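Contents: one structure, followed by commentary.
Any read-out appearing in this document is the output of simple, stated calculations on the displayed coordinates, not a laboratory observation. A quick note: this is a predicted structure, and the numbers were derived from the prediction, not measured. A quick note on method: Cβ atoms are made from the backbone with ideal geometry, for glycine too, and the neighbour counts reach across all protein chains shown.
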Amino acid sequence: MPSFWNSERVVVSACSEDFFAALPCMKSRAETFNVSLYRPAPDDWSVVVTDLQDSTEAVARGQHRTINFIAAAGIAAIRNVCVGIAIPVLFGGDGCVAMVPPGFADETRRTLARLRKMAHVEFGLTLRVGLAPIGDLRALGEQVLVGKYEPSASNAFGVFLGGAISSLERAMKHDPESPLSKAAFVPDVMDDPGTLDLTGLSCRWQELKSQNGMMLTLILDGADAPLAYEAIQRLTSRIDARPAKPTNLKAQWPFVGVWLEARSTHADAPVFVVATRLFARALVAYLVFKLGLHVRRFNPQRYIAEIARNTDFCKIDQQLSLVLDCDPVAEKALEIELKRLAEAGDLRFGFHRSPTALMTCLVSSAADSLHLHFIDGGDGGYTSASRTMRKVVLP
């Protein structure tokens, strides 16, 4: 087992609103396996978990883009509650994880209830939501360690160790009466039809077409996940395996994503009124990208180049989930190597192939290079990969 899993190297951090901002930055995905860069979460912060129920069936009904949008909407809504404060957020395809500082828990809980209501009323989907104080989780014997993956300046994602996030997700799915589920409980009575603040969230790019042959959605789990990731880096080094890059980033027409945005935020206003306003904005943005127009300080070519850097992946405990653009040679080599590692050590993996990937965006300021992008493989992505993972039979 790599030495950087030694938990004794973790240093305790003070409790404060700047907890996440003050964390050491991880500049590469490989660094997310270095436990010395993680810190225990403060007791007075709270962890948020959302998860869409029956996401496999929803994907089969053609709602994959909607699923991704609702998962990202949780991140957008929580960030807008905590505006001005750096918080860890993580996109998981059919849900999200975040943490909020003291003083924001009550408003975040109301926002989660509103998000749950929106998912059900507008899209017929059941969204599990939970918010639990870190101190309560520790009292139940759980631990939360937090790292900051920052691929570019001021664009950070959260990554997590300690087991509490995974335990909470399992409890919310399978044991609603457990102490963990009760600690995170958000009562239905809090659901209301109020407006969600999803400022910055959009879904206006075409599906990302593979430039190498196939988008490969991978989930790695186990103590040997770092070795598996090293193998991925080695076996894809001769190709550009990033799922989003200038060659496949095309502005969307027609604006399918605008309808998702309108239905998510219209509240008491007629949805077509909100959609018309969003359509006008989307049309302007489409023309800016299509024609390569510089508007004030905004440079569309620079923005597209930045997207490739500011894309996410999912890292919780010993599980890593990511999307790669692979050619047939790399794909076959990866499958062989992952099977070898699984048979020889502590590794479980799942994968899903698709010609495309989906991207949902969260833009704070495009002109100032402040934007995050959430990627999922097409045709089910993470959801489909997790199903194959459950089917893999390993020693």
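Shape call for segment 294-395 from the C-alpha gyration tensor, a ≥ b ≥ c root eigenvalues: rounded (a/c under 1.5), prolate (a/b greater than b/c) or oblate? It is prolate, given that a/c is not under 1.5 and a/b is the larger ratio. Each residue of segment 336-348 was assigned a 3J(HN,Hα) from its phi angle through the Karplus expression (A = 6.51, B = -1.76, C = 1.60, θ = phi - 60°), giving 5, 5, 5, 5, 5, 5, 5, 6, 8, x, 9, 8, 10 Hz with x at Gly and Pro. For the options ILE232, ILE78, ILE70, a Gaussian network treatment of the chain with springs between C-alpha atoms closer than 10 Å singles out ILE232 as fluctuating the most. Summing +1 for each Lys or Arg and -1 for each Asp or Glu, what net charge is found among the other residues whose Cβ lies under 12 Å from the Cβ of LEU227? Computed value for this residue: -2.
Other residues with beta-carbon under 13 Å from the beta-carbon of GLN206 carry, at +1 per Lys or Arg and -1 per Asp or Glu, a net charge of +4. Here the Debye sum runs over all C-alpha atoms of segment 1-158 as equal scatterers in vacuum, and log10 of I(q)/I(0) at q = 0.14, 0.18 Å⁻¹ comes out as -0.74, -1.11. Distance between the modelled labels on SER152 and ARG281, one decimal in nanometres: 2.1 nm (7 Å Cα→Cβ projection).
Using the Cα centre as the reference, give the magnitude of the dipole from point charges on the C-beta atoms of the chain (Lys, Arg: +1; Asp, Glu: -1; all else neutral), rounded to the nearest 20 debye.
1220 debye
Does segment 170-231 come out rounded, prolate or oblate by the C-alpha gyration tensor, with a ≥ b ≥ c the root eigenvalues, rounded set by a/c under 1.5 and, if not, prolate when a/b is larger than b/c and oblate if not? Cα axes put segment 170-231 in the oblate bin.
Every helix of 4 or more DSSP H residues in the chain counts as -39500 (n - 2.57), and over all residues that averages to -11500 deg cm²/dmol at 222 nm. Once you reduce segment 40-110 and segment 128-207 to the center of their Cα atoms, the two points are 6 Å from each other. Figure legend: label point modelled 7 angstrom from the Cα of ASP54 along Cα→Cβ; residues of segment 78-107 with amide N under 19 Å from it are 94-95. If I build a Gaussian network model for the chain, linking alpha-carbon pairs within less than 10 angstrom, which residue out of SER178, SER36, SER210 has the largest mean-square fluctuation? Judging by the Gaussian network model, the answer is SER178. Can you tell which of THR247, THR111, THR50 shows the greatest fluctuation in a Gaussian network model of the chain with Cα springs below 10 Å? Result: THR247 has the largest fluctuation of those listed. Remark: relative contact order (the chain) = 20 percent; criterion is Cα-Cα distance under 8 angstrom and separation of 6 or more residues. May I ask you to derive the relative contact order of segment 288-371, considering only C-alpha pairs under 8 Å and at least 6 residues apart, and to give it as an integer percent? Reported as a whole number, the value is 26 percent.
Once you have a ≥ b ≥ c as the square roots of the Cα gyration tensor eigenvalues for segment 251-344, tell me rounded if a/c is under 1.5, and otherwise prolate or oblate according to whether a/b is larger than b/c.
It is prolate, given that a/c is not under 1.5 and a/b is the larger ratio.
Give, as a single signed number, the net charge of other residues whose beta carbon lies under 9 Å from the beta carbon of THR360, with Lys and Arg counted +1 and Asp and Glu -1. Net charge in that neighbourhood comes out at 0. For PHE185, the amide hydrogen comes within under 5 Å of the amide hydrogens of LEU131, counting only partners 5 or more places away or on other chains and with H modelled in the peptide plane.
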